[in-house]
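A.B. asks: Let me give you the structure first, and then I'll get to my questions.
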Number of protein chains: 2
Amino acid sequence: IPISNTTEHGGSEGENNDKFFTHPRNPKALAAYLFAHNHLFYMMELLTGLLLMVLSLSEAPAVPSLRLDVYVHATLELLALVMVAFELCMKLRWLGFHTFIRHKRTMVKTCVLLLQFVEAIVVLIRQTSHLRVTRALRPIFLVDCRYCGAVRRNLRQIFQSLPPFIDILLLLLFFMVIFAILGFCLFSPNTSDPYFNTLENSIVSLFVLLTTANFPDVMMPAYSRNRWSCVFFIVYLSIELYFIMNLLLAVVFDTFNGVEKMKFKSLMLHKRSAIDHAFQLLVSRQRPMGLSLKQFDGLMRFYRPRMSARDRFLTYKALNTAGAPMLSLDDFYKFYEVIGLKWKARRSGEHWFDDLPHTTFLIFKGINLLVKSKAFQYTMCKWTSIISSGFSSSRIVPWSYIVFLTIYGVEVLLKVTGMGPLAYFSSGWNLFDFFVTVFAFLGLIALAFDMEPFYFIVVLRPLQLLRLFKIKQRYRNVLDTMFELFPRMASLGLTLIIFYYSFAIVGMEFFADVVYPNCCNTSTVADSYRQINVTIGNRTVLDEGYYYLNNFDNILSSFVTLFELTVVNNWYITMEGVTSMTTHWSRLYFMTFYIVTMVVMTIIVAFILDAFVFRMNYSRKNKEPLLDPEGKLFEAEVSRDEALATLELYKQTCPGLSSLNSLQGTDTHTRSHSFTNLPQIQEWYAEYSRENLPQSDRSLVERELEIPPPCPDPEPQPNSQGPLSIN
Amino acid sequence: IPISNTTEHGGSEGENNDKFFTHPRNPKALAAYLFAHNHLFYMMELLTGLLLMVLSLSEAPAVPSLRLDVYVHATLELLALVMVAFELCMKLRWLGFHTFIRHKRTMVKTCVLLLQFVEAIVVLIRQTSHLRVTRALRPIFLVDCRYCGAVRRNLRQIFQSLPPFIDILLLLLFFMVIFAILGFCLFSPNTSDPYFNTLENSIVSLFVLLTTANFPDVMMPAYSRNRWSCVFFIVYLSIELYFIMNLLLAVVFDTFNGVEKMKFKSLMLHKRSAIDHAFQLLVSRQRPMGLSLKQFDGLMRFYRPRMSARDRFLTYKALNTAGAPMLSLDDFYKFYEVIGLKWKARRSGEHWFDDLPHTTFLIFKGINLLVKSKAFQYTMCKWTSIISSGFSSSRIVPWSYIVFLTIYGVEVLLKVTGMGPLAYFSSGWNLFDFFVTVFAFLGLIALAFDMEPFYFIVVLRPLQLLRLFKIKQRYRNVLDTMFELFPRMASLGLTLIIFYYSFAIVGMEFFADVVYPNCCNTSTVADSYRQINVTIGNRTVLDEGYYYLNNFDNILSSFVTLFELTVVNNWYITMEGVTSMTTHWSRLYFMTFYIVTMVVMTIIVAFILDAFVFRMNYSRKNKEPLLDPEGKLFEAEVSRDEALATLELYKQTCPGLSSLNSLQGTDTHTRSHSFTNLPQIQEWYAEYSRENLPQSDRSLVERELEIPPPCPDPEPQPNSQGPLSIN
C-alpha cells in the first residue's frame, strides 16, 4: 500500500507542482498526510481562515449591527487560532521537522500564528483591543489553504513581476522629483499658488498629478499668471502618464508572459519526472517495458478512487494510441492530459426524442428545426429590439410588454422541448435566456400583486437587451471569453480583496473616527467635508460635501473608501482630509496604497491582454471558435467484444458492483441501438478545455519553450522498496 | 532614358508602396512626375499646408498678438490655396485624368480645395469671417504632403482599427445605457441626488463616470442614503472600466499587430514584384540570367544619383553573395535591404591617436583605458549622487557644486581626448553628458554675472541626476528604446495634433467667448467659474475658480483646453460650463472628442506595448542589445586588385572625377596602413537599423507571415519597349 500511495502522491504532486522532498517518508507520516489531504480537512482550513478574516467585522471599530463583546470575539479568535495550530501540527507530523523548517510559507504562518496567539490572549486578559496592526497579516491563513491555490499563484506572479516594475517605478519617481524641483523653482514666487509653495507640496502635487486627480486645478494658478506655464504640465504628463506609465504596462506584460511560460515549462518537466517515477514503480519485473491494463487499473483506483470503471478503461484506451497490449512510457507521458478528460457516450441519434413514436418524433423534429433556424433567431432579436424601444420605467406595464414576454415564454418552452432539456441547459446563452425570462415573469407577478421588496426584479428588465448581442460572432467571442476568464478574474479579484483587507485593517487602526462632518477646516479641501444648512431664498437646503462618508470607521466603510482610492479620481480629497486631521506621514499610507493597487491593476490588465490575444490567435489559427462544443479531439472506439472482455476482467479483479453498472449500461446501450448505428462499435468523445491543449499545440508550445524531449527509454532505476505489485 | 527612369520609379515605388498604375505613362507625364518628385516641391507642399494651418492663429477668434486684418489673412489663404491647386494640376498631368479620378485621397483633397476657395473668396468679398467649420478640414493639405507619410500611415492604422473598436464601444455604451436605466429606477426617488433625476442626466453621469472624472461625487448622495448603493457603482466600474475598457485595448492591440504584419507582408510582396520588373528591364538579351556590375552601376546612378561610386560598388558586392560574375535575380531580391546600409571603412586601428608619435600615443592610450574602465564610470556616478544630495535650490552656489562641475568638465575633456571627438559624439549618452555639463557651466556663468533671463538654465541642474541611470542595463534599454521610438511617437503626436486642430476649429466656431468669469450660474459647476473678492478677517482675497480659462477663445487656448479634456480629469466641469451657456447638444462635441482621443490614445498604448515587447523579445533572442554599435552584419572585403580594377572600369564608363575620389581615397588608405593591417584587404561594415532586419530574422518573419517564396526563374516577359540598354 505505501508504494501505490506514493505513486498516488506522485500523481497529485505532478498536478500541483508540490516539491518531491515534501513526500511522506514513513507510515506514520503517511497517516498524517492522508488525514490532511481530503476535502473535509481543506474545508476546515478554509472556514478557519474565513472566520479569522470575518472577525474584523465585529472587532473594535466594528460595523454597528455586528458588534460583539470583547470576550466573545477574542474567544472565537482563540478557537480559530487553535484550529490553525492543529492543522500546522498535522503538517509537522507529515513533513517531519526538518522539511517543516525549510518550508518558507509554513514558517511565516507559524510565526504569525504565535504572534496572533499572544495578542489574542492579551486582548482577552485586558478585555479591550489595543493597537493591533498585526491583524493585517490574517489573510495569510486564508491564502495558505488548499482551495486558494489560484490566489497564491497570483501573489507569486505579482512578486515575480516586482523587480522590473520597481525599476520603472524608480524612473517614474525620479522624473517626478526632477519636475518637482523644477516646478518649485518656477512657480513658488507666485503666492496665490498653493500647489508649489514648498518642495514637499510640490512633490505631493506632482504625485497626485501622476494620477491626474488634480489636473487642471494644479495648473490653473500658474496658467492664469503666464499662459506658457502649461508647457511644464503638458511635458510632465506626456512623459510620465503617457510614456512611462505605458512602459510600466509593457514591462509587466512582458514579465507576466515570461513567468507564465516558465511556470508552464517547469510544471511540464515536473509532471514528466513524476510520471517517470510512477512508471518505474508500476512496471513489473517480468515486463519492465510496459504497463498492462490491470496495473493501470490498480493505479487509477488509488489515484482517482471515484472514477468509474468505464472511465478508467477509456483512459487506458486513450493513452494506448499504438494499440499495443502494453502501455509504453511514451504513451504514459500523456497521462495528465488524458486524465482531465470527461467521457461522454456518442449519442446514437442527435436528438433526445429519437426513441419516441413516429408522429411525436416528427412534431419534435419540426420544433427542433424551427428553433435552430436563423429566421427564428432573427425574429426573436427583432422582437427584443421592439420591446426595448417600448420600454418605460413607470410601474404601469404596457400590454406590448406582456405580449412579448409571453412570446419569450413560448420561445423558452419551444427550445426546451425542441432541443431537449439537457442540450438546452448546457449552453450558457440558453441559461441566460431562461433566467432573464423567468425573472421578467417574476417581476410581472411582483408588480401584479404589488410586492414592494421584489421591485428590484423589474429593474433587471433592460438586461433583456443583452439577447441582441448573441447574433454577432465578435460579441459571442467576447462574451464567451468573458465567461471563460471569469474564474481567473475572480481569483485576481480575491487577491485584490486580500490587499484591501490588510490596508483596511491598517487604515482602521490609524484613521478610525478621524474624519467627520465639518472637520478638516485647516486643509484646502474643507469644502468637501462641509455639512451646513444654507438658506437660499426661503428654503433651507442642506449643503453637503459628503466626503466625511469616505472614512475608515469600520471594515465595510474602509473597503468602499479603498475602492474609491483605487479608482483614483479625487482620491487626494480623502488623503488631504485625513492628513489634516493626523500627521503628514499619513500620506505615506495613501501613496503606498496607490502604488500597490497600480501594480495589481497593471497585472490584471496584462492578464486580460494576454488571455485575449492568446484566444484570438488561437481561434484564428484553428479557424474555428475555441468553445465549439463539437470540438472533439480524443475519441475512443470500443467494440462490443472488447467491452465484454473488459467486463470479464473487472469481474475477476474487482467484485464491487457499482463500478460495473456503467460499463454494463454501455454494453446494453450499444446493443439497443445496434439497428440504427454501426453494429458493435461505440464511440466516445471527450471535451477539452484550455488547460488540455490538443496535442499539436502542446508540442508547439514545448518547442517554443525549449523543453527537452523525454528520454525515450530510461534504465530502470534501482528501487529500494523491493518488488512491486498492485494490491 | 524613359526606360531607366521607369526602373528608377519602380525603385522608389517599391520602397513607398505606390501603386503600379500610378506610374507616368508618357514623356510629358514623366516630366511632370520628375517635377513633382523632388525635395523642393515636397518642401513647397509642406510649407503650403503649414501656412494654411497656421493661418487660424490670426483668423477671427485670433490670438491677440497675432491678429491680422481680414483682407490680409484671406489673401494669404487664397495664395496658399492657389499653390495647392498648382500642385494638384501637376499631379493631374502626371497621373492622367483617369487615374486622378480613381485616386480617392486626391479627389477628397480636390473637393475640399474647391470648398475652401469659395469660402475664402466669400470672406474676401464680405470682409468678415462667417461660420467656417470647414476650416477643420485644413489638415488634409498637410497630411497629403510627401513628408507626412508617417502621419498618413497612422491615420490609416487608426481607421483600420476602427471596426473592432466600434464593436466593443457599442458593448460599452450598451452596458452604460442599461446601468443608466437601472440607476434612474433606483436613485431618482432621492430628490437630493442631482445625478440621476432624469434619464438624460443619468446617462451623462454614467458616461462621465466611465472616465472616472466624477467618481466618488456621483455616488455620494445615494451612498449617504443607503450604504449598499455603492454596490451599483462598484459593479458598474468593474464591468465598464476594468473589464471592457481593457478589452478595448486588447482588441486594438491585436488589430494593430495584425495590420502591421499585413502591411509588412504587402510591402514585401510589392517590393519583390518591383524588383522583378526592374530585373526584367535591366538584363540584356545576351545574358538574360544575370546583371553585370556595369548594368547595376547604371541603375544606381539613376536611382540614387548622389550615391558615391564606392558605395555603389560595395552595394553590388554585398548583393553578390555567391561571388559570381553576374548578379542573379535571387541576389537582386535583397536590393532594398542592402540599399539602406551605410558603409564605413573598417578602421585599421581602434583609436584616433594611432597615427600619433609614440609618447603621445601612450598618454592618450592611458586616458582611453581610464575613461573606459568601470571604476571611472562608478566614481563619476558616485559623485553625481553626492552632488544631488548637496543640491540646494537657493541662488547661492555651494563650493562643492563648483568643484564637482569642474570634475565633470575634466571628465568631458578626458573623454573627448581619450575616445576621439568622433567616437565621443556618436553616442547619445555622451552627447547628453556634454550638454548637461555645458548647460551647468552656462548656468553658473549666468549666476555669476546675474543675468536674469538665463536662470532657467539653473533650473535644469537636477537633470544631472539622469546620469545615474546609465549604469543599469534595463535603464539603458528603456532609455535607448525611448530614443528609438521617438520618431514614431512624434508622428503619433502629430496625428493627435491634427485631430486637436480639427476639434479646436469646431470648438472655436461654436464656443468662442462662451465662458467668462462668474458665468454658468445655472449649472452645478458654477463654483469653478467664480471670480469674486472675499474678505477673510481683514484681508481681501480673490476667490478664483479659474475654469473660465479653459475656453475656446483662440486656437492656443483651445489646444490647452483640449489637452485638459484628453487627460479627462474634471473634464465634465468644462463640459457642463459650456453646456450651461449654450445648448444640451454641446455635450455631443465633448463626448465625441473623448471617444476620438480614447481611440488615438489606445492606439498609442498598443503601439508602445508592441514596440517594447518586440524589442525585448528581440534582444532576448539575440542575447545582445539591439543597438550595440558593434553589431555588424553586412561585411564586404575589397582586395586592392579588385579596387584598382573597379577604378579602371569607372574611369572608362564615367569620366566624372567627383565619384572617383572616394574610391581612390580608399585605395590610398589601404596602402598607407598596409604595414599594421592585413595587406591588400580592406573590410567594410554597415550598421543596420530595425527596418533592416538581419537576414535570419527576416526569413523568420516571412515564414510567420506566410509570404510565398519568390518564383526562382520567371520566364522573361514580353517587353513592349524593345531592346534594353543603360544610358
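The values are calculated or read from the model by the stated rules, or taken from the named source; none is laboratory data. This one's a predicted model, so the numbers in the text were calculated from it and none came from an experiment. When we count neighbours, we look across all protein chains shown, and the Cβ atoms used for this are built from the backbone with ideal geometry, even at glycine. Accessible surface is based on the protein model in full, side chains and every heavy atom, while ligands, DNA and RNA are left aside. Shrake-Rupley method; radii C 1.70, N 1.55, O 1.52, S 1.80 Å.
A.B. asks: What would the Debye formula give as log10 I(q)/I(0) at q = 0.25, 0.30, 0.32, 0.34 Å⁻¹ for the alpha-carbon point model of segment B:502-542, no solvent?
C.D. replies: Treating every Cα as an identical point scatterer, log10 I(q)/I(0) equals -0.87, -0.94, -0.96, -1.00.
A.B. asks: Averaged across the residues of B:175-188, what count of C-beta atoms belonging to other chains lies within 10 Å of each residue's C-beta?
C.D. replies: For peptide B:175-188, the averaged partner shielding equals 3.
A.B. asks: Still on this structure: State, to one decimal in nm², a quarter of the convex hull surface area for the C-alpha atoms of segment B:114-171, i.e. the direction-averaged projected area.
C.D. replies: If I average the Cα hull's projected area over directions, I get 6.0 nm².
A.B. asks: For B:LEU51, place a label point 7 Å from Cα along the Cα-to-Cβ direction in every copy; what are the distances to the other copies, in nm, shortest first?
C.D. replies: For B:LEU51, the inter-copy label distances come out at 8.5 nm.
A.B. asks: State, to one decimal in nm, how far the label point of A:VAL54 lies from the label point of A:TYR333, with both points 7 Å from Cα in the Cβ direction.
C.D. replies: Spacing of the two 7 Å Cα→Cβ label points: 4.8 nm.
A.B. asks: Right, another one. What are the nm distances, shortest first, from B:SER65 to its equivalents in the other copies, labels at 7 Å along Cα→Cβ?
C.D. replies: 6.4
A.B. asks: Taking amide H positions as placed in the peptide plane 1.01 Å from N, state which residues far from B:LEU327 in sequence (5 or more) or on other chains have amide H under 5 Å from it.
C.D. replies: Under 5 Å from the amide H of B:LEU327 lie the amide H atoms of B:LEU291, B:SER292, each far enough along the sequence or on another chain.
A.B. asks: Shifting gears a bit: Provide the buried accessible surface between chains A and B in square angstrom, both chains summed, 1.4 Å probe, rounded to the nearest 100. Let's see the in-between values first.
C.D. replies: Working: alone 38900 and 38940 Å², together 70370 Å².
Summing both sides, the interface buries roughly 7500 Å².
A.B. asks: I've got another one for you. Go through segment B:90-99 residue by residue and turn each phi into a ³J(HN,Hα) via Karplus (6.51, -1.76, 1.60, θ = phi - 60°); whole Hz please, and just put x for glycine and proline.
C.D. replies: Here the 3J(HN,Hα) series is 4, 5, 4, 4, 6, 7, x, 4, 5, 5 Hz.
A.B. asks: A follow-up question, please. Which sequence of A:ARG474, A:ARG156, A:ARG25, B:ARG306 reflects their accessible areas, 1.4 Å probe, from the largest down? Mind showing how you got there, number by number?
C.D. replies: Values: A:ARG474 90, A:ARG156 120, A:ARG25 185, B:ARG306 230 Å².
Ranked from most to least accessible, the order is B:ARG306, A:ARG25, A:ARG156, A:ARG474.
A.B. asks: Okay, next question. Modelling each spin label as a point 7 Å along the Cα-to-Cβ direction, I'd like the B:SER427/B:ARG285 distance in nm, to one decimal.
C.D. replies: Rounded to a tenth, the inter-label distance reads 6.0 nm.
A.B. asks: Could you go through segment A:257-266 in sequence order and give the Karplus-derived ³J(HN,Hα) for each residue, using 6.51 cos²θ - 1.76 cosθ + 1.60 with θ = phi - 60°, rounded to whole Hz, and x for Gly and Pro?
C.D. replies: Each residue of segment A:257-266 in turn: 4, x, 5, 4, 5, 4, 5, 4, 5, 5 Hz.
A.B. asks: Top to bottom by accessible area (1.4 Å), largest first, where do A:VAL177, B:VAL514 land?
C.D. replies: The residues order as A:VAL177, B:VAL514, largest area first.
A.B. asks: Put a dot 7 Å past each Cα toward the Cβ at A:ILE101 and A:SER273; how far apart are the dots in nm?
C.D. replies: Here the modelled spin labels are 2.4 nm apart.
A.B. asks: Contour minus end-to-end for A:MET307 and A:THR582, with contour as 0.36 nm per residue of separation and end-to-end as the Cα-Cα distance?
C.D. replies: Values: separation 275, 0.36 × 275 = 99.00 nm, distance 6.15 nm.
That pair, A:MET307 and A:THR582, stretches by 92.9 nm at full extension.
A.B. asks: Let me know the mean shielding of A:604-615 by other chains, meaning the per-residue number of their Cβ atoms within 10 Å of its Cβ. It would help to have the intermediate numbers written out before the result.
C.D. replies: On the way: counts 3, 6, 2, 1, 7, 9, 1, 1, 7, 5, 0, 2.
The mean count of partner-chain Cβ atoms within 10 Å per residue comes to 4.
A.B. asks: Further question on the same structure: Taking B:LYS261 in one copy and the same position in all the others, each labelled 7 Å out along Cα→Cβ, what are the pairwise distances from the first, in nm, shortest first?
C.D. replies: Result, one decimal in nm: 1.6.
A.B. asks: Considering amide H positions built from the backbone, and no H for Pro or chain starts, which residues 5 or more places from A:VAL515, or on another chain, come under 5 Å of its amide H?
C.D. replies: Placed amide hydrogens put A:PHE552 under 5 Å from A:VAL515.
A.B. asks: Expressed as a fraction of 2.2 N^0.38 Å, the rule-of-thumb size for a compact globular protein of N residues, what is the C-alpha radius of gyration of segment A:144-246?
C.D. replies: So the Cα radius of gyration is 1.42 times the expected 2.2 N^0.38 Å.
A.B. asks: Consider just the alpha-carbon atoms of segment A:529-595 and return their Rg together with their Dmax, both in angstrom.
C.D. replies: For segment A:529-595, the Cα-based Rg and Dmax read 14.5, 49 Å.
A.B. asks: If each residue of separation counts as 0.36 nm, what is the full-extension length gain between B:PHE435 and B:THR191 once their alpha-carbon separation is subtracted?
C.D. replies: Details: separation 244, 0.36 × 244 = 87.84 nm, distance 6.27 nm.
The B:PHE435-B:THR191 span can extend by a further 81.6 nm.
A.B. asks: Here is the link list: B:LYS28/B:LYS334; A:LYS263/B:LYS263; B:LYS271/B:LYS317. Which ones come out longer than 28 Å on Cα distance?
C.D. replies: B:LYS28/B:LYS334; A:LYS263/B:LYS263
A.B. asks: Could I ask something else about it? Return the FRET efficiency for the residue pair A:LEU362, B:LYS294: r is the Cβ-Cβ distance, R0 is 60 Å, and the value is rounded to the nearest 0.05.
C.D. replies: Efficiency, from the Cβ-Cβ distance: 0.10.
A.B. asks: Another question, if that's okay. Please report which chain A residue places its beta carbon nearest the axis carrying chain A onto chain B, with the distance rounded to a whole angstrom.
C.D. replies: A:ASN569, 3
A.B. asks: Could you work out the relative contact order of segment A:54-195? I mean the mean sequence separation of Cα pairs under 8 Å and 6+ apart, divided by the number of residues, in percent.
C.D. replies: 18
A.B. asks: Short version: ³J(HN,Hα) in whole Hz for each residue of segment B:578-583, in order, from phi by Karplus 6.51 cos²θ - 1.76 cosθ + 1.60 (θ = phi - 60°), x for Gly and Pro, what are they?
C.D. replies: Using θ = phi - 60°, the values come out as 4, 4, 5, 8, 10, 10 Hz.
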